[in-house]
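Undergrad: I have a structure here, written as structure tokens, and I will follow up with some questions on it.
The values are calculated or read from the model by the stated rules, or taken from the named source; none is laboratory data. Just so we're clear, the structure is a prediction, and the values are computed from it rather than from any experiment. All Cβ positions, glycine included, derive from the backbone under ideal geometry; neighbour counts span all protein chains shown.
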Amino acid sequence: MALIGHPLRILLLSSHEGFRDNLDQILSERLPGGYQLFWVTLPEVAEKRARELLPKIIIIDDALVGTSASHMVRRFRQQVPKSACVVAVNATNTREAQQAVLEGARAFLIKPVNGDDLLSVIEQIMAEPEVEIEENLVGIPIRSTRKGRAVVIVAPKHGVGHTTLAVNTAIAIHQLSKKKVALVDADFRAPGVDLALNLHEQYTIYDLLPRVSHLDESILMSVMTHHTSGIYALPSPPPQRHIQPIPLPQVQEIVLALKEVFTWQFIDLQTSPDDTFIAFLESVDGIILCLSPELTVLRNARLLLDLFAARGYPREKTIIVLNRWDMKGGIPASEIEKRLRIEIAYRIPDDQPLATYSNNRGIPLILSHPKSALARAYLGLARHLMQYCPTTDEMLQPAVALNQSPNRLSFIPLWKT
Ligand SMILES: Nc1ncnc2c1ncn2[C@@H]1O[C@H](COP(=O)(O)OP(=O)(O)O)[C@@H](O)[C@H]1O
Ligand SMILES: [Mg+2]
């Protein structure tokens, strides 16, 4: 069975260790490395665990204490509607199986569960497409036009200018495309989007977490801030010493839900490569790695590039943007390319007075100084992204108006689905 992407997450609710071992043995033989089995014994803990893990499949043993499997199916359907519930019953307990199916279970298994039955149920659940498939103009299947592009902007260290890049590029792409654009601040240690946009809203990305299993447009819009530039921002809480990590399933749900609503989603990512950092990288279509021509930045960039390679990301998932490329005393672009064995896709010029002035005022320079070389560079990058990483509705348009930009160094076809 082809299980592409992340390992299949299965949550088992059963008070019997033997049942867990039985399932684990079948799965390890049939799906080696392709699954994660989580086990909870108590129904009262199971709902919370399901909300945290957002498993693809929940298997519910009918031998529960104090509740029935069908009741738990009803609870899971309310709490984690995207998870498929499967009940495991004794051969004499088919009434409970029927009841569970009426409550919304996708299938039932007879205990002791045999490998073929379990695999066939998993295959049926996995076969159901998560996104609608359509055909583009030349008949190539593409993902639904409702799915936008999610892009993280990351830097090897703070101070490189990746927040400035994220803010101005997000606004530039909104100005050019007139599409809905989201800007997410996922730099929880050193947030900057709220300052760059002069936002004073109380809601942050953490307000989405309790509702992460059933995010929809109205929930997203009630939490996000509509900025005067036209983009929607999802700020981070103010910097704090103890940051609650956001686990991969929740990051995936947030990114996916935003993709349903926004044509473009830019995520200003933290620089420390912890689990939340990896979760965002794994959840997005593309990575913009922002560099500046300084030795310390390049040294850390190597580490990041090695991390991307180690995690198996195709080279085309990342594009390199050299910020402040003409900075006095900076390392020349050609030397950076040689040193890091990379191709710089785009360059942004140096203008410290303007960048700092605009960041300090909380007015993005693309709005206050649209004719500056910096603003034109961000617009050029936005055009580059629209041409080389088009969203499906942009692909279906006759052509994206493109001005040749002196900053464009290379043409890398990226993130096309
Ligand atoms: N293209 C640029 N030219 C000159 N200075 C810049 C440029 N982009 C950003 N800066 C400045 O660099 C500093 C760090 O920018 P910021 O976007 O906050 O970086 P990061 O998010 O990587 O920490 C700020 O003072 C900002 O004004
Ligand atoms: Mg920043």
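Undergrad: Looking at 138, 160, 167 in this structure, which one is out of contact with any Lys or Arg (no Cβ under 6 Å at 6 or more places or on another chain), assigned to a loop (DSSP other than H, G, I, E, B) and at pLDDT 95 or above?
TA: The match here is 160.
Undergrad: Let me ask something else about it. Determine which single condition residue 189 fails, assuming it passes every other condition in (1) more than 14 Å from ligand 2 (Cβ to nearest atom); (2) of a type in the set (Lys, Arg); (3) touching a residue at least 24 places away in the same chain (Cβ under 8 Å).
TA: If we test residue 189 against (1) more than 14 Å from ligand 2 (Cβ to nearest atom); (2) of a type in the set (Lys, Arg); (3) touching a residue at least 24 places away in the same chain (Cβ under 8 Å), just (1) comes out false.
Undergrad: Here's another thing I want to ask about it. What helices (runs of 4 or more DSSP H) lie completely within segment 245-355 and have 1 or more residues being on the phi < 0 side of the Ramachandran plot, more than 16 Å from ligand 1 (Cβ to nearest atom) and within 26 Å of the chain's Cα centre (by Cα)?
TA: Of the helices (runs of 4 or more DSSP H) lying wholly inside segment 245-355, those with at least 1 residues that are on the phi < 0 side of the Ramachandran plot, more than 16 Å from ligand 1 (Cβ to nearest atom) and within 26 Å of the chain's Cα centre (by Cα) span 248-261, 275-283, 295-310.
Undergrad: Shifting gears a bit: Of the conditions (1) farther than 26 Å from residue 241 by Cα; (2) in a helix (DSSP H, G or I), residue 147 satisfies every one except a single condition; which number is it?
TA: Every listed condition holds for residue 147 apart from (2).
Undergrad: Determine which member of the set 337, 316, 343 is surrounded by fewer than 18 Cβ atoms within 10 Å (Cβ to Cβ), modelled with pLDDT of 95 or more and either under 16 Å from residue 164 (Cα atoms) or out of contact with any Cys (no Cβ under 6 Å at 6 or more places or on another chain) (or both).
TA: Going through 337, 316, 343 in turn, the sole match is 337.
Undergrad: Quick one: would you say residue 220 is under 24 Å from residue 190 (Cα atoms), part of a helix (DSSP H, G or I) and more than 14 Å from the chain's Cα centre (by Cα)?
TA: yes
Undergrad: Quick one: in segment 362-374, which of the residues that are within 14 Å of residue 229 (Cβ to Cβ) and more than 29 Å from the chain's Cα centre (by Cα) is farthest from ligand 2 (Cβ to nearest atom)?
TA: 370
Undergrad: Working carefully through the options 243, 278, find the one that is within 16 Å of ligand 2 (Cβ to nearest atom), surrounded by fewer than 24 Cβ atoms within 10 Å (Cβ to Cβ) and in contact (Cβ under 8 Å) with a residue 24 or more places away in the chain.
TA: Result: 243 is the single residue among 243, 278 that is within 16 Å of ligand 2 (Cβ to nearest atom), surrounded by fewer than 24 Cβ atoms within 10 Å (Cβ to Cβ) and in contact (Cβ under 8 Å) with a residue 24 or more places away in the chain.
Undergrad: Now a separate question. Which one of these is exposed (fewer than 15 other Cβ atoms within 10 Å of the Cβ), among the basic types (Lys, Arg), farther than 24 Å from residue 279 by Cα and assigned by TED's automatic domain parsing to the domain that holds residue 118: 95, 75?
TA: Of the residues listed, the single one that is exposed (fewer than 15 other Cβ atoms within 10 Å of the Cβ), among the basic types (Lys, Arg), farther than 24 Å from residue 279 by Cα and assigned by TED's automatic domain parsing to the domain that holds residue 118 is 95.
Undergrad: Select from segment 281-293 the residues that are over 13 Å from residue 266 (Cα atoms) and either free of Cβ contacts under 8 Å to residues at least 40 places away in the same chain or polar (S, T, N, Q) (or both) and list them in ascending order.
TA: Answer for segment 281-293, where residues must be over 13 Å from residue 266 (Cα atoms) and either free of Cβ contacts under 8 Å to residues at least 40 places away in the same chain or polar (S, T, N, Q) (or both): just 292.
Undergrad: To continue, here is another question. Examine segment 201-219 for a residue that is farther than 21 Å from residue 249 by Cβ and either within 16 Å of ligand 2 (Cβ to nearest atom) or touching a Phe, Trp or Tyr at 6+ places or on another chain (Cβ under 8 Å) (or both), and state whether such a residue exists.
TA: No: zero hits.
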